[in-house]
Amino acid sequence: MYPFEIGPIRPVDEADSLLIRTTRNCPWNKCEFCVNYQHENFSIRSVEEIKNDIEKTANYYSNNRFERCFLQDGDSLIMRTADLLDILTYLKTFFPDLKTISSYGRAWSMSRKSPAELNEICEAGLNLLYCGMESGADEVLEMVNKGVSSKEIISAGIHAKEAGMRLSEFVISGLGGRELWQVHAKETAKALNAINADKIRVLTIGVKPGSGLEQKIADGSYTLQTEENIIEEQKMMVHHLNGITSHYAHHHAVDLLLEVRGQLPKDKDYLLSIFDRFLDLSDNYKRNFILGRRLGFYNRLDDLHERNNYNTVEKQFQKFGINSNFELENLYHSLRSQIV
Ligand code: SF4
């Protein structure tokens, strides 16, 4: 138990960062795939409360010279600009070594700050935003009730970059389902091309119990893609990424091909070759690799060369008693969606 408040979520890249909670939960909280803050009310913490926590964290971590800090929870940019500037100045007084201060940023809140305000916030230290674009396709954004259009996402991203901020855009593979996967791939690439974020981070959909998407599966309006189809979608998206200098990576345990990671544009062919390497596998090797990845026997395609692993994974198929491809895909998805 810490003597200060810590929220439940932070980006993978902020694993070792100082965490300061400026808001609680998410101001939107209606995305159909998200259960992070389900049934929790949103609130902005008072400046006094946040400053109090900054003092306590400085005391608690007195031997740690943090260079990175992440402001929790869902959207610090929704705070009044004057309050946010006050907090940032206070934070840097107690942690003078901070080089990067980051936060999640919703396109809605980013767009409501003027260029001058955003620039002032960046100059005060908040110089990196993590934006959950999820998709660049309006059909998909509407289907999952994201609450913003692709146009708003693009202009918010450009707005932040012009203010001098670094930008990491999150995309969810498989979010369009079998119904919308192609438009999801192509329109997301188009939006990413327009923004040219510093980083593109891809996560694979795992439908959580209690989410709106689970309900859509039940009523037949959303159909999960197969693991192979998600790789086809990722390949299609990367194929359509053009004219940008973003770093592209699959970096979460839910992603099947973790080795997909590289700097655009120079690594584009290399990234595409990894998708092809998987897609060109025989059906037996594909299913063995997917289950092996989902059960933690493999980290990357190269691990398939370990004959012992291959045989161990084959035995797992018998253990699960799988009788059809439908059952197999359900098993993969169930294993994937248990990953936090
Ligand atoms: S995905 Fe982000 S914006 Fe949507 S409900 Fe979850 S935390 Fe809020």
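Please treat every number below as a calculation from the coordinates, not as lab data. Keep in mind that what you see is a predicted model, and the values were worked out from it rather than measured. Cβ atoms come from the backbone with ideal geometry, glycine included; neighbour counts cover every protein chain shown.
Structure notes:
- Choice from 15, 191, 156 with maximal GNM fluctuation in the chain (Cα, 10 Å cutoff): 15
- Per the chain, cysteines lacking a partner by the 4.7 Å Cβ criterion: 26, 69, 122, 131
- Length-normalised contact order for the stretch 170-311 - Cα pairs under 8 Å, 6+ apart - percent: 23
- Degrees separating the helix 150-162 axis from the principal Cα axis of the chain, which is the longest one: 50
- Between residue 198 and residue 303, the FRET efficiency from the beta-carbon distance, with R0 = 35 Å, is close to 0.70.
- Charged-residue dipole, Cβ positions (Lys, Arg, Asp, Glu), the stretch 94-159 about Cα centre, Debye nearest 20: 80
- Selection from 257, 234, 108, by position along the positive dipole direction of the chain (Cβ): 257
- Here the stretch 181-213 and the stretch 65-85 have alpha carbon centers that stand 25 Å from each other.
- Solvent-free Debye scattering, log10 I(q)/I(0), computed from the Cα coordinates of the stretch 282-340 at q = 0.19, 0.31 Å⁻¹: -0.65, -1.43
- Of all beta bridges that DSSP places with both ends in the chain, some 15 percent have antiparallel geometry.
- Degrees between helix 47-60 axis and first principal axis of the chain (Cα, 0 to 90, nearest 10): 70
- 12 Å beta-carbon shell around residue 13, net charge (K/R +1, D/E -1): +2
- Largest first and in whole Å, the equivalent-ellipsoid semi-axes of the chain read 36, 22, 20, each the square root of five times a Cα gyration tensor eigenvalue.
- Ellipsoid equivalent to the stretch 1-68 - semi-axes via the Cα gyration tensor, in Å: 25, 15, 9
- Structural descriptor for the stretch 78-228: relative contact order 22 percent, calculated from alpha carbon pairs under 8 angstrom and at least 6 residues apart.
- Listed by chain and number, the lysines whose C-alpha is less than 25 Å from the C-alpha of residue 146, apart from same-chain residues fewer than 8 away, are 30, 113, 161, 186, 190, 199, 208, 216, 235.
- Here the 3J(HN,Hα) profile of the stretch 278-292, calculated from phi with Karplus coefficients 6.51, -1.76 and 1.60 at θ = phi - 60°, is 6, 5, 7, 5, 5, 4, 5, 5, 4, 5, 5, 5, 4, 5, x Hz, Gly and Pro shown as x.
- The magnitude of the dipole of the chain, with charges of +1 and -1 set on the Cβ of Lys/Arg and Asp/Glu and taken from the Cα centre, is near 300 debye.
- Cα centroid separation - the stretch 20-64 against the stretch 235-313, whole Å: 35
- Residue-averaged [θ]222 nm for the chain, counting only DSSP H segments that reach four residues, each worth -39500 (n - 2.57): -14000 deg cm²/dmol
- Relative contact order, percent, the stretch 12-280 [alpha-carbon distance under 8 Å, six or more residues apart]: 15
- Under-5 Å amide H pairs with residue 132, H placed in peptide plane, nonlocal only: 105, 170
- 0 to 90° range, to nearest 10: angle between helix 325-337 axis and the chain longest Cα axis: 20
- Fraction of the pair-distance distribution of the stretch 217-340 above 24 Å, Cα-Cα pairs, percent: 31
- Electrostatic tally near residue 144: other residues with Cβ closer than 13 Å to its Cβ, Lys and Arg +1, Asp and Glu -1, net -3.
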